[in-house]
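S.K.: One structure, as structure tokens, below. Some questions next.
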Amino acid sequence: MMLSALLLTVALQGSDLKCPVMAGAVAKDSNIVEYRGAAFTFCCAGCDTNFAKAPDKFMATQSKAGNTVGQFLFDPVSRRRVDPAKAKDFTDFGGLRYAFESNDNLKVFLASTDKLSVAPKKEALYCPVGKEAIASASKAWGYADHDGVRWYLCCSGCEEPFLKNPTSFITADAKKQIKNAGAKLLPKAKA
């Protein structure tokens, strides 16, 4: 678990991503904030909490300025988490960097950015198939969107059953896990 957080930090900071608040270079020891399936790092202390209070405002400002300020954690076509170091291709769109499992997935994304780059306003950090809470988007295997909610999935075995019949898994207990998408400050990985 700590290794994946460390790899995410290295991948994010080893790029030209900018702070979503100040648009400067990100600091090596930056906190990470997750928001709507993307991870953000910052130039200095305080930017993380400012971003977490109004992520849409900062994203809109930086996107308009042409800055890439976050790394989407999943291939938006396969909906599976992708390690940026193992990605076959990348593109920047709307202030986010997207990594892809294949060049074909990049082509599909570029043909449908208006559909594939949009995250629902509601999410559940809960796998309705495995019936387990997921600590953060970066801990999810993947996701599936259904009826205006992004459901994070715990493993590959949950994807197919959920996609075949999502309503059979969305029980009253699962519905209790649905929240408005919000920014989540992740604890720093211990060295």
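S.K.: For labels at Asp145 and Leu163 in the simple 7 Å Cα→Cβ model, what's the distance in nm?
M.R.: Result for the modelled spin labels: 1.5 nm.
S.K.: Evaluate the Kirkwood expression for the hydrodynamic radius of the range 122-181, namely the inverse of the mean inverse distance over all pairs of different C-alpha atoms, and round to one decimal in Å.
M.R.: 11.0 Å
S.K.: Which angle from 0 to 90°, rounded to the nearest 10, does the C-alpha axis of helix 55-64 make with the longest principal axis of the chain?
M.R.: With rounding to tens, the tilt is 60 degrees.
S.K.: Hey, another quick one. Which value in Å does the Kirkwood hydrodynamic radius of the range 33-133 take, with 1/r averaged over all unlike C-alpha pairs and then inverted?
M.R.: Over the range 33-133, the inverse of the mean reciprocal pair distance is 14.6 Å.
S.K.: Between 0 and 90 degrees, rounded to the nearest ten: what's the tilt of helix 2-13 against the longest Cα principal axis of the chain?
M.R.: 50 degrees
S.K.: Which pairs break 22 Å Cα to Cα here: Lys64/Lys88; Lys139/Lys176; Lys18/Lys115; Lys88/Lys122?
M.R.: From the list (Lys64/Lys88; Lys139/Lys176; Lys18/Lys115; Lys88/Lys122), the Cα-Cα distance tops 22 Å for Lys64/Lys88; Lys18/Lys115; Lys88/Lys122.
S.K.: Output ³J(HN,Hα) for the range 40-48: one whole-Hz value per residue in order, computed from phi by the Karplus curve 6.51 cos²θ - 1.76 cosθ + 1.60 with θ = phi - 60°, and x for Gly and Pro.
M.R.: Here the 3J(HN,Hα) series is 10, 10, 9, 7, 7, 4, x, 5, 4 Hz.
S.K.: Wrap a convex hull around the Cα atoms of the chain, take a quarter of its surface area, and give that in square nanometres.
M.R.: Approximately 10.4 nm², given one-decimal rounding.
S.K.: Here's something else I'd like to know. What number, in percent, do you get for the relative contact order of the chain if the mean sequence gap of Cα pairs under 8 Å and at least 6 apart is divided by its residue count?
M.R.: 21 percent
Bear in mind that the values in this text are calculations on the coordinates, not laboratory data. On a predicted model such as this, the values are computed, not experimentally measured, just so you know. Heads up, the Cβs are rebuilt from the backbone with ideal geometry, glycines too, and the neighbour counts pull from every protein chain shown.
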